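Some notes on the structure that comes next.
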Amino acid sequence: MNTLIRNGAVVTAQETRQADVLIEGERIKEVRAGIPESSAAKVIDATGMYVIPGGIDVHTHLDMPFGGSKSSDDFETGTRAAAFGGTTSIVDFAIQGRGARMRDALDTWWKKAEGRASIDYGLHMIVTDLGASGLEDMDEMVDEGVASFKLFMAYPNVLMVDDATIFKALARTAKNGALICMHAENGSVIDVIVARALAEGKTAPIYHALTRPVRAESEAVHRAIAMAEIAGAPVYIVHLSSEDALNEVREARDRGVPAFAETCPQYLLLSIEELERPNFEGAKYVFTPPLRPKKHLPKLWDGLRHDHLQVVSTDHCPFCFEDQKSLGKDDFTKIPNGGPGIENRLQLIHHHGVNSGKLSLNRFVELTSTTPARIFGMYPKKGEIAPGSDADLVVWDPNARHTISAKTHHMRVDYSMFEGFECRGNARTVLSRGEAIVDGGRFFGKPGRGQYLKRTARGGAWK
Ligand code: URP
Ligand code: ZN
Ligand code: ZN
């Protein structure tokens, strides 16, 4: 069936223009002004609206195991919430068990998503162990469309890998074209500081932030980029939280190094004081890297504006306050690390970025859709409004007012990090491969309709 979106302002990373969008089946067929209504069985009136490419969130953790528990959104509830917020593709993380093959992790995560996801999804692979066959496993993953790997420089004895492993993995991606995503914090140093704090009886949530200094992040970012340079590979820093870390990325990029970085709404809009909330509510803001002092926030916005940062993702990793965050009531190290956000990314960045004049509308699209698609090997299938691209489109109402609240959000979690935030601008109609899955606050998608995204290595923007 053909669908015509009429009279909207089509906004891409490049330009904004009045145009109609004709969709044939799952793809965009034509973009131009004056497409006749008779070309389509279904017409969506977008007068006064923007038409933007569906949001792409390249950092989510759905159904993620954590210390006997798991993140509270699975692929069904998480992708539905994403769709409500105008996100039509995600890239989640499969986790290789220590001593296990990456293929096993991929199969496990495919099973988690199958029959549940209502938007398209790709997978990164978290590498915990290269063992005897890890480098060959990485090539196999690339053949399966896992075009990126995450490595941890933090969480010793759990997820952290040493520099030799990082360097070997980077060198492999220099050959197979994939991209290493780095969780950049010096985990060994942090662990010593954490042990010291606990020994001094410092157990409240605020100590999660106070034991993870900014320099532990910037040192790791510096080291990650240096290792990538030696290996001749690009590198992508995930959830960058501080000015100091940003300076490392900027300095490398100024030298022409293919270093990329993302930040998340929480680092742009919240600060360390949140962890001091009474009644253990600071635990709602326990994730890593931690929230930073307020002075870092405008620096991150500047980084987005000047392309020192290329992507806004969410690091959506929800745990309920009542029965999950509470595991750390007497010891902040037992608080499950992570926070919810998959639903609110576009609302928050549009309101605090575009409405406040920090970002252009085109930069908003670039940061939340087009560049993630390019860097992670999905472009131009995703992240673009052009003939041949998937019809993942959002009719965005720039004047819709929305107050974020756990009472009304669709994420399966009992609090919002952005409770009471008022935003102007929201998704009105969300199309995924030509199908309207959200319209006027109602969900029409079906669990299982989301497809696995086989991503292309060497699809990145570093070429
Ligand atoms: O605290 C966080 N960020 N939890 C999710 C796992 C990660 O490191 O991205
Ligand atoms: Zn991480
Ligand atoms: Zn994460």
**Verdict on H402 being under 24 Å from I237 (Cα atoms) and either charged (D, E, K, R) or out of contact with any Gly (no Cβ under 6 Å at 6 or more places or on another chain) (or both)** = no
**Message:** Looking at region 14-34, can you tell me whether even one residue there is among the hydrophobic types (A, V, I, L, M, F, W, C) and either closer than 30 Å to F93 by Cα or within 16 Å of ligand 3 (Cβ to nearest atom) (or both)?
**Reply:** yes
**Residues satisfying the stated conditions in region 31-40, i.e. open to solvent by 60 Å² or more (accessible area, probe 1.4 Å) and outside any loop (DSSP other than H, G, I, E, B)** = R32, E37, S38
**Request:** Give me the pairs, please: first residue somewhere in region 103-120 and on the phi > 0 side of the Ramachandran plot, second residue anywhere and surrounded by 23 or more Cβ atoms within 10 Å (Cβ to Cβ) and modelled with pLDDT of 95 or more, beta-carbon distance under 9 Å, and either six or more positions apart or on two chains.
**Result:** G115/F75
**Message:** Please go through region 239-249 and give me each residue that is within 26 Å of F418 (Cβ to Cβ) and in a helix (DSSP H, G or I), ordered by number.
**Reply:** E243, D244, A245, L246, V249
**Prompt:** Looking only at residues in region 329-367 that are closer than 22 Å to V413 by Cβ and among the basic types (K, R), which one is farthest from the chain's Cα centre (by Cα)?
**Reply:** K329
**Item:** Pair list, Cβ < 7 Å and 6+ apart or interchain, from region 271-282 residues that are over 19 Å from K294 (Cβ atoms) and touching a residue at least 40 places away in the same chain (Cβ under 8 Å) to residues that are open to solvent by less than 80 Å² (accessible area, probe 1.4 Å) and in a loop (DSSP other than H, G, I, E, B)
**Value:** F280/P205
**Subset of region 52-95 (residues that are open to solvent by 20 Å² or more (accessible area, probe 1.4 Å), within 17 Å of V438 (Cβ to Cβ) and out of contact with any His (no Cβ under 7 Å at 6 or more places or on another chain))** = E76
**Request:** Would you mind finding the one in M417, M378 that is touching a Lys or Arg at 6+ places or on another chain (Cβ under 8 Å), away from ligand 2 (no atom under 16 Å from the Cβ) and within 19 Å of Q266 (Cα to Cα)?
**Result:** M417
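Here's the yes/no breakdown for (1) farther than 30 Å from V142 by Cβ; (2) open to solvent by 50 Å² or more (accessible area, probe 1.4 Å):
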{"site": "S369", "(1), (2)": "no, no"}
{"site": "A373", "(1), (2)": "no, no"}
{"site": "A386", "(1), (2)": "no, no"}
{"site": "S405", "(1), (2)": "yes, no"}
{"site": "G440", "(1), (2)": "yes, yes"}
{"site": "R455", "(1), (2)": "no, no"}
**Prompt:** So which residues in region 239-268 are without any contact (Cβ under 8 Å) to a residue 60 or more places away in the chain and open to solvent by 10 Å² or more (accessible area, probe 1.4 Å)?
**Reply:** E243, D244, N247, E248, R250, E251, R253, D254, R255, G256, V257
**Message:** Among the listed residues T333, T314, identify the single one that is of a type in the set (V, I, T), open to solvent by 20 Å² or more (accessible area, probe 1.4 Å) and in contact (Cβ under 8 Å) with a residue 40 or more places away in the chain.
**Reply:** T333
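The values are calculated or read from the model by the stated rules, or taken from the named source; none is laboratory data. Everything numeric here is computed off the predicted structure, so don't read it as measured data. Neighbour counts are summed over all protein chains in view; Cβ atoms, including those assigned to glycine, are modelled from backbone coordinates with ideal geometry. Note: accessible area is taken over every heavy atom of the protein model, side chains too, but ligands, DNA and RNA are not part of it. Shrake-Rupley method; radii C 1.70, N 1.55, O 1.52, S 1.80 Å.
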